[in-house]
Each structure stands twice: as structure tokens, then as C-alpha cells.
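Working notes, beginning with the structure itself.
The values are calculated or read from the model by the stated rules, or taken from the named source; none is laboratory data. Please read these numbers as outputs of a predicted model, since none were measured by experiment. Positions of Cβ are backbone-derived with ideal geometry, glycine not excepted, and every protein chain shown enters the neighbour counts. In case anyone asks, the SASA skips ligands and DNA or RNA and just uses the protein heavy atoms, side chains included. Shrake-Rupley method; radii C 1.70, N 1.55, O 1.52, S 1.80 Å.
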Amino acid sequence: MADPSSYRPKPGQIPDSPGVYRFRDDHRRVIYVGKAKSLRQRLANYFQDLSGLHPRTRTMVTTAASVEWTVVSTEVEALQLEYSWIKEYDPRFNVKYRDDKSYPFLAVTLNEEFPRVQVMRGAKKKGVRYFGPYGHAWAIRETVDLMLRVFPVRTCSAGVFKNAARTGRPCLLGYIGKCSAPCVGRVTPEEHRELAEEFCDFMAGRTGTYIRRLEQRMTDAAEEMEYEKAGRLRDDIGALRRAMEKNAVVLADATDADLIAVAEDELEAAVQIFHVRGGRVRGQRGWVTDKVEAVETAGLVEHALQQLYGEESGDAVPKEVLVPALPEDAEAVTQWLSERRGSQVSLRIPQRGDKKDLMATVGRNAQQSLVLHKTKRASDLTTRSRALEEIAEALGLDSAPLRIECFDISHLQGDDVVASMVVFEDGLARKGEYRRFQIKTFEGQDDVRSMHEVIGRRFRRYLQEKERTGEWSEQPEQQDHAEESEDSPARPGPLEQPGREDDGRPRRFAYPPQLVVVDGGQPQVAAAKRALDELGIDDVAVCGLAKRLEEVWVPGESDPVVLPRSSEGLYLLQRVRDEAHRFAITYQRAKRAKRVRSSPLDDVPGLGESRKQSLIKHFGSVKKLRQATIDQICEVPGVGRKTAESVVVAFAKAAPVAPAVNTATGEIMEDDGGSTHD
């Protein structure tokens, strides 16, 4: 635990201007990012008597080992920079909302020649128009099914589309009139794109004009006694009205607004957002967060606005944002939102009428979400705490291992030997810090030797980072070890100086675990312990989990530690081991598949994937390309004589491949396809 006075800036050193500041721990990892109108006044608040600080703030400043800041011109710039740094560094003491689920969106891929309507989750892609989010994917499919009658836009995958184009036969939707079948040329690309844009306009809330237009066409058809056409238009109007009824009108005057409500207690907060477009609720989502910093409702709202609109622009930011409390600097936040939208945005608290009533509904949803989350998490948090305590007690550790790293070796009969490292913090997987290794120092199957190599490489990198930041510069023997590492970065960065820009995140392997778990028994544990001893690391515990009887092995003991089958600690170790095994197997299979798909063309310098495909397409197969002359290869567009010579040399060096045999007939199969398995 650090004393804040040890890194407190000198009087007068902090500027009295807007800016963003970062607190770092002793591993140089950014643990908190904040912004201020006046850096001098804000930072002074952190260096007062510890007894006067909020408990969470006190924990943060005693965990930190340094503070630095960046001066900006305006408070809007500070807001944007704060958001960028929180997103980049993922500081542990900042409020970070997490979705309680991955919400589905209705997406229209306007970036394709033939736009497609589909359900999408995850990060938004450029050139795709999104509507939602929706509570359930089936709600999107019901809406789309109703609207395809009027807007028969493509909904099929790329594979189905290409197959239909190849065979000249559309899919079932094309036959029943719910797709305009651009795959077989029933409509031109321009006509299909116009349909997709009309679909987007309708989903965006411009419904009245379109329905009135259909009603007029229906009336005209009836007057001209085209009753079948009038009947179809009547059914189209009914389908659109049913789709609209799924979102009841909640605000008059076709209002576009987002309503944000917060429910909170001392430890956690839940945020609910209703997206209202054209006066109708078009989507809803919710977030939950731990209150790891001392923050009030206004601060929670500001963080929610940053997360909600930080990556958005244009119409994705509505004209009006209704909140339960205004951020501390509401003017700067409003200006930031307006810049993202490209026009004026109103940020305010609803005072009366329908908007206040709807805000109360959003608030009730937030409260219910918080209660449900706490009910689920109470047992989960208790279980994880008990599991870590059981592991600490069984292994004789001084404290619970808050960070656990597990290593596993994977291979196929001694080929493609790889290893994995997975990380669990507070009993939960931290997938962003998973790492993969290729065994470098030998070939063949030797799990013990492989484990020794991998543990050594991982912790040599840890010592390198300690040396780079100057923490262990007084220990030359560890510096020697670090210089021997095969995993050192190609261009290591300079030592960081106070106030100097750097990436702020821990370099690979820079954060040490309290416990290393290896997949295996006594030999693997001994190898891991030997690797740590050779590096002079004595503050990291080691254990192994053997698959046969799920026994826990510790270094230097002839008998295993046996945890009860019902032990939460054993269950956590099993989860960690199984995750490491899964991650290693996935990498090993991918590596093997890549090797199987390899070709002599891979060894030709400067020959990219595009020109490889051009060569194979020109000659029809790898076999025919192998038989081609240099002059024939030069005929391929984009391939010069030097490259052609390299291709011929590469095939000459490659060992001949045994012909494939049909096991049923004994027939030797010719390589006439586009395979590259040579």
C-alpha cells in the first residue's frame, strides 16, 4: 500500500487549466482516469488526509504509485479524451458499464451491392444501418417477416445468394414473393437498393407518408376496377400497421429521444435506456456497474452518455436526451453530443407530461434490473470468494489468489506443439490477457520440457517489464535473465518518464499472478517451479491439477492435496484448467489446419493472397500451375518475370506429394481443383 504523499506533485507544478489525469500503480498500469475544469483543484482533493476521503477513493490513491496529466484547451476536449483513455486503458477504478446481455439489432447492410436485412449483435460495422436494440431476436424476425411483404429485400446469406445465382433458381422467399430475387436478376441492383432504402426510411419512423401513399394507390386501383391489385395493397397496409403496432406510441409529435434512468445503491448501479423514434419505443437496453469510484447520479449519467454515444454519429445521436440528473458540466456534455450528431442536441430533465411519465417507467425498469442483478450476483460473488479462500487455505497461501494464470501444452503426436496461458482475476476469466506460445527450443513430444520453457519465457518477460520501468534496476542478475529472453519485443519502448505519452496499459506479461496452475501432475509442477527458481522468483505460488483423479499437486510434496469433490475451490481450479485446455486445443488445431492448407506458393517472397488466387484461377489447379513454364506464368496479369521464376523455383524445391487415392475404388484422383494442399 503506497503513501499518496510519496508521489504527490510539488506545489505549483499542477496547472490551473482543464485537462485529464491518470493514476498508475507500481506496475505502470493505469488504474484511474479523470477529467477536471481545473487540474490543480481536482488533484488537490486526492492528496488530503486519508481519513477524509471516500473509502473507494482512499483505496485508489493508496493503490496508485504515480499521477500524470495532460492539459487540453476546452472541457469538451477533456470529455472526449477521458472517454478515449477509459476505453483504451480499461482502468480498474473507473465506472465501466457492462451490458447484461448482448442485445440484437436489426441491420441493413447498405455497404453491399445487394443490401441484406438481418439480425446482428456485437460491434457496429461501417456502412451498415442499425435499428434497435431489441429485447429478443425473435421480435426482430417477426417484424421483418411482416415487412418483407411490402419491402421484399434480400435476407439470405452470401452462400445461399451465390448458390441461387449459380443455379438460376431463387430460394423459397423468392417464390412466395417475400424477396425480390436479385440473385436471379428479377430486379436490378439499383431497384433492390431503392427497396432497402425505403425499408430503412420506414424503420426510421417515416411511416405516415408511406402508408398514405399506399392507401392512395389502393383507392386508385379500386376505382380502375383492378381489384386484385387493390386487395394486395390492402394486405400490405395491414402488414405494415401490424408491424407498427408492435411499438405503441408513447410520445406525441413523432418525438426522437433517448430516455436514460439510473437505479443505484452504495455498491452498484443499473442504467436503463429507452430509444424512442417517431414517438415509438424502438429499442431498450440496460447496463449494470460496480461503483468502484465515489460517484453520484450525475456522474453515472455522464459515464452512461459517454458509453452510449462515444462511438456514434449522425442520427444515431437523437435530438433530445432525457436524464434523471444533469452531469456536472452539462454545457460541455451537450456541446459534445451536438458535435457528434452534427446539429443541436437537447440534454435535460423532463419536468411534466408524457415524457416525465415515460421516464418514471424507465426508472422502474432500472430498479427492477438492479434487484434482479443483485439477486443473481449475491450467490455468485459469495461462491467465488469462498472458492478463492478454499484455494488459499489448501495451498497455504497468505491471501486469496486474486490473479490466477494457468498453462497447458497441446500437440498431435508430437507435431505442432503449442501452449496456452489463461488468466482469471477475482475468479472470472480475463480473456483480453490470454496468451499463446509456440515451443521453440526443441521438437517432439515432451510436456515437462515444454512446460519449463513456457513458464520461463512468460516470467522472463515479466522481469523485462520490471527492468524497463526501473523497478528492479538494482538487481543485475535478473537483468541478465531478461536479456536472454526470446520473447522480447522487436522494438522495446524507452523508459517512461513522468508526463510522457505512452500506451499506459501493461505490456504483455507485465502483471504478475499470485498463483500459477499447470495442467498436469508432479513432473509438470516441478518443471514450473524450477523455471521460477532459475529466474529468482519466489513470490508466486505453483500448483498442478492432474486430470486422472483431479488431484492438486504442489512443489516438493510426495502426496497431492486432495480437495473435497464438493469444494468450490476445486471447481474453480477445474474451470481454469479446462479453459486453458480449450484455448490450447483451439490454437493447436488452427496451427495444424494452416499447415495442411500450406502451399509452395507461401514461400514465394512478395506473392500475396490475391495473386496466388489469380495464378490458380488462371491455370485451373495447382497441378497445372506446377507444370507451367516461366513464360506461361508471366501471362497472368500482375505477375512479372522475377515472380514467375520464384514460383517455378518454389515448386522445384517442394517435395512431391503422394497422389490421392479413392479408398473405395483404388482409383488415383487427379488434382484438377483449386486446392493448395501441396
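Take each of the peptides 393-402, 257-266, average the number of other beta-carbon atoms within 10 Å over its residues, and list them starting from the highest.
In decreasing order of mean packing, 393-402, 257-266 become 257-266, 393-402.
Using the Karplus curve 6.51 cos²θ - 1.76 cosθ + 1.60 with θ = phi - 60°, work out ³J(HN,Hα) for each residue of the range 221-237 in order, rounded to whole Hz, and write x for Gly and Pro.
Ordered by residue, 3J(HN,Hα) equals 5, 5, 5, 8, 6, 8, 6, 5, 5, 4, x, 5, 5, 4, 5, 4, 4 Hz.
Given contacts defined as C-alpha pairs under 8 Å and at least six residues apart, what's the relative contact order of the range 126-238, whole-number percent?
Here the relative contact order equals 21 percent.
What accessible surface, in Å², does a 1.4 Å probe find on residue 623, ignoring ligands, DNA and RNA and rounding to the nearest 10?
70 Å²
With label points built 7 Å along Cα→Cβ from the Cα atoms of residue 70 and residue 428, find their separation and express it in nm.
2.7 nm
On a straight-distance basis, which lysines could pair with residue 624 in a cross-link, Cα separation under 25 angstrom, same-chain partners fewer than 8 positions away excluded?
The reachable lysines, counting only those whose Cα sits under 25 Å from residue 624, are 594, 612, 642, 653.
I'd like the distance between the alpha-carbon centres of the range 379-408 and the range 331-357, rounded to an integer number of Å.
If you average the Cα positions of each part, the centres end up 46 Å apart.
Roughly how many whole Å is it from the C-alpha centroid of the range 19-70 to that of the range 256-309?
25 Å
Please give the per residue accessible area of the range 326-401, computed with a probe of 1.4 Å over protein heavy atoms only, in Å². Please list the in-between numbers first.
On the way: 4490 Å² over 76 residues.
Normalised by residue count, the accessible surface of the range 326-401 is 59 Å².
For residue 320, enumerate residues with amide H under 5 Å from its amide H, sequence gap 5+ or separate chain, H modeled in the peptide plane.
Counting only residues 5 or more places away or on other chains, the set is 258, 346.
Holding the Cα-Cα limit at 30 Å, pick out from 319/374; 125/356; 431/466; 124/547 the pairs that are longer than that.
Details: 319/374 34 Å; 125/356 34 Å; 431/466 23 Å; 124/547 41 Å.
As for pairs spanning more than 30 Å Cα to Cα, those are 319/374; 125/356; 124/547.
How big is the accessible area of residue 156 in square angstrom, nearest 10, if you roll a 1.4 angstrom probe over the protein chains?
20 Å²
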